[in-house]
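Below is one structure; the comments refer to it alone.
The values are calculated or read from the model by the stated rules, or taken from the named source; none is laboratory data. Note that the structure is a prediction, hence the values are computed from the model and not measured. Cβ placement follows ideal geometry from the backbone for every residue including glycine, while neighbour counts extend to all protein chains displayed. In case anyone asks, the SASA skips ligands and DNA or RNA and just uses the protein heavy atoms, side chains included. Shrake-Rupley method; radii C 1.70, N 1.55, O 1.52, S 1.80 Å.
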Amino acid sequence: METVLITGANKGIGFQVAKQLAEIGYFIYLGSRNKENGEKAIEKLKAEGILNVELIEIDISNNQSIVNARKELESKIACLDVLINNAGISGMFSQNPVNISRDVIENVFNTNFYGAIQTTQAFLDLLKKSDNPRIVNVTSDLGSLTIQSDPKWQHANIKPLAYMASKASLNAFTITLSYELKNLNFKVNSVNPGATATDLNNHMGSRTPEFAAQVIVQTATIDKDGPTGKFFSEEGELPW
């Protein structure tokens, strides 16, 4: 049974990704910043008959928490097959470039960019032991510079600077990491789940978490001949 670690998986899209992957036979390590919230998520899944799931407490904005999570997971498994960097924050969506504070930018980057990188680095050795290692970075079409520079885009008036920049940076991480690991059979891709009704956006998105999770699951389950260094949405490949 292949193993998956999903950060920020106690609710929203991450929870649905955990559920859907578990239902098709993966063993899920459900990452949660808050242990109590994670335990509630585990209980909810087990109440639905999903038993191949276990909690890993991990706050990706805290380096020591990442180190502790790595030690815990290493004590349980010999290798990790899939890492899904799902945890993220919006910071708030009134992020005007003329008056946004440095504190807001740093707070968003600490989770959305720095945290994802540190988490990936921490679990990379376990991933290298897999026959088909996959890394999925959950980003956003708001992080596509090509899309954002198009005045005809349907959401052209939505430009939260810190969130956009953090996701564009995460996309850059996908590109560079996929290149670095290209000779080790890694599949490293970015995924845009779309505007989804979650706590991240005060439930203003048009998609349900159940629907949004599908493209992440699809990318997480690609085979050895699958793509790497790409940016996907439900409609296919997106431009950087």
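Just one of the listed residues (189, 202) is modelled with pLDDT under 95 and among the polar types (S, T, N, Q), namely 202. For segment 20-36, state whether one or more residues are touching a strand residue (DSSP E or B) at 6+ places or on another chain (Cβ under 6 Å), closer than 20 Å to residue 189 by Cα, touching a residue at least 60 places away in the same chain (Cβ under 8 Å) and aliphatic (A, V, I, L, M). So far as segment 20-36 goes, yes, one or more of its residues are touching a strand residue (DSSP E or B) at 6+ places or on another chain (Cβ under 6 Å), closer than 20 Å to residue 189 by Cα, touching a residue at least 60 places away in the same chain (Cβ under 8 Å) and aliphatic (A, V, I, L, M). Comparison of 32, 61 shows that the only residue that is at pLDDT 95 or above, closer than 28 Å to residue 140 by Cβ and open to solvent by less than 40 Å² (accessible area, probe 1.4 Å) is 32. Restricting 50, 56, 77, 66 to those that are in a loop (DSSP other than H, G, I, E, B), in contact with a Phe, Trp or Tyr (Cβ under 9 Å, 6 or more places away or on another chain), aliphatic (A, V, I, L, M) and touching a residue at least 12 places away in the same chain (Cβ under 8 Å) reduces the list to 77.
Taking residue 87, is it surrounded by 18 or more Cβ atoms within 10 Å (Cβ to Cβ) and either acidic (Asp, Glu) or assigned to a helix (DSSP H, G or I) (or both)? Answer is no for this residue.
Take the conditions over 12 Å from the mean Cα position of the chain (by Cα), within 27 Å of residue 129 (Cβ to Cβ) and open to solvent by less than 20 Å² (accessible area, probe 1.4 Å) and apply them to residue 38. Does it pass?
Details: over 12 Å from the mean Cα position of the chain (by Cα): yes; within 27 Å of residue 129 (Cβ to Cβ): yes; open to solvent by less than 20 Å² (accessible area, probe 1.4 Å): yes.
So residue 38 passes the test.
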